[in-house]
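Okay, structure first, notes after.
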């Protein structure tokens, strides 16, 4: 499943909910009295992952997630939700003791060469969306925002493109730093899902973050993408550790829950847990099977991988 598909589906879901008069997001259901023990790591499902178990809308799903032991939530399309809904989600997350994970901070600039060119209009559009993201983050209680540094420019040497990316990210840091917010740069695999993207490998992201030199600019290490692009997961995690602020997961092939592909997630999760990682691990993948059985399979997969 591609990031654009995730973003489109979440934005569409948000728009559909917001358009309702009182909205299914307003639906409240009685949560089960008992919760399962929390996972060791802060795994973050997204809306729709448990829609059959919790058909009452996003707030219903959040309660179900909490009851299953999940302590975080992420939503690529948070920017597309109404102000009211952003505030509702933030309030409920606080009540449930859950951490808000990433949302996409600048969706309109992610799929164009808007970072690699020193173009004033592109830059201003990106920075305007960063300012908007600050307000969204305050409403929903987010700290991290995904930034995808656009596509490559075929007629410009790579060194110049990198310099332009660094300059643009430094300007964004001036917006985020005063609020304690962090944009996380996500390298995307070019072989299967995202050809022609500027950022594709962890060492490249590490180099850019070091050059930007700000606590507001770190790495989103998406294990699914990096298994495809470079593998060598645990050594690369160790080498880039100082710049990693967020993880996302999905098994390969198939981009479904752990245990459906070739990645030994039990070992990977144990490794980052032993290194003291206290951030969010986003579940940016689909369910391998449909319906309530497929949703239960996702929960069981994380219980197995989190067992260490």
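A few points about this structure:
- Any hit, the stretch 167-174, residues being assigned to a loop (DSSP other than H, G, I, E, B) and more than 22 Å from residue 222 (Cβ to Cβ): no
- The stretch 99-113 - residue that is free of Cβ contacts under 8 Å to residues at least 60 places away in the same chain and under 15 Å from residue 139 (Cβ atoms) and, of those, surrounded by the most Cβ atoms within 10 Å (Cβ to Cβ): 103
Listed here are the residues, each with its yes/no results for (1) part of a helix (DSSP H, G or I); (2) at pLDDT below 95; (3) farther than 25 Å from residue 272 by Cα.
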| position | (1), (2), (3) |
| --- | --- |
| 31 | no, yes, yes |
| 36 | no, no, no |
| 46 | no, no, no |
| 54 | no, no, yes |
| 61 | yes, no, yes |
| 64 | yes, no, yes |
| 70 | no, no, no |
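- With respect to the conditions (1) touching a residue at least 40 places away in the same chain (Cβ under 8 Å); (2) closer than 16 Å to residue 245 by Cα; (3) surrounded by fewer than 15 Cβ atoms within 10 Å (Cβ to Cβ), residue 118 falls short on a single one, namely (2).
- Leading residue by the ranking (farthest from the chain's Cα centre (by Cα)) among those in the stretch 141-168 that are over 20 Å from residue 205 (Cβ atoms) and surrounded by fewer than 21 Cβ atoms within 10 Å (Cβ to Cβ): 155
- Per the conditions (1) farther than 24 Å from residue 257 by Cβ; (2) surrounded by 23 or more Cβ atoms within 10 Å (Cβ to Cβ); (3) modelled with pLDDT of 95 or more, the sole criterion not satisfied by residue 88 is (2).
- Qualifying positions in the stretch 187-214 - without any contact (Cβ under 8 Å) to a residue 40 or more places away in the chain and in contact with a strand residue (DSSP E or B) (Cβ under 8 Å, 6 or more places away or on another chain): 190, 202, 205, 206, 209
- Candidates 129, 124 - the one that is surrounded by fewer than 24 Cβ atoms within 10 Å (Cβ to Cβ) and touching a helix residue (DSSP H, G or I) at 6+ places or on another chain (Cβ under 9 Å): 129
- Check on residue 150, in contact with a helix residue (DSSP H, G or I) (Cβ under 6 Å, 6 or more places away or on another chain) and at positive phi: no
- Odd one out for residue 163 among (1) in contact with a helix residue (DSSP H, G or I) (Cβ under 7 Å, 6 or more places away or on another chain); (2) assigned to a helix (DSSP H, G or I): (1)
The values are calculated or read from the model by the stated rules, or taken from the named source; none is laboratory data. Here the structure is a predicted model, which is why all the values come from computation and not from measurement. Glycine gets a Cβ as well: all are built from the backbone with ideal geometry, and neighbour counts include every protein chain shown.
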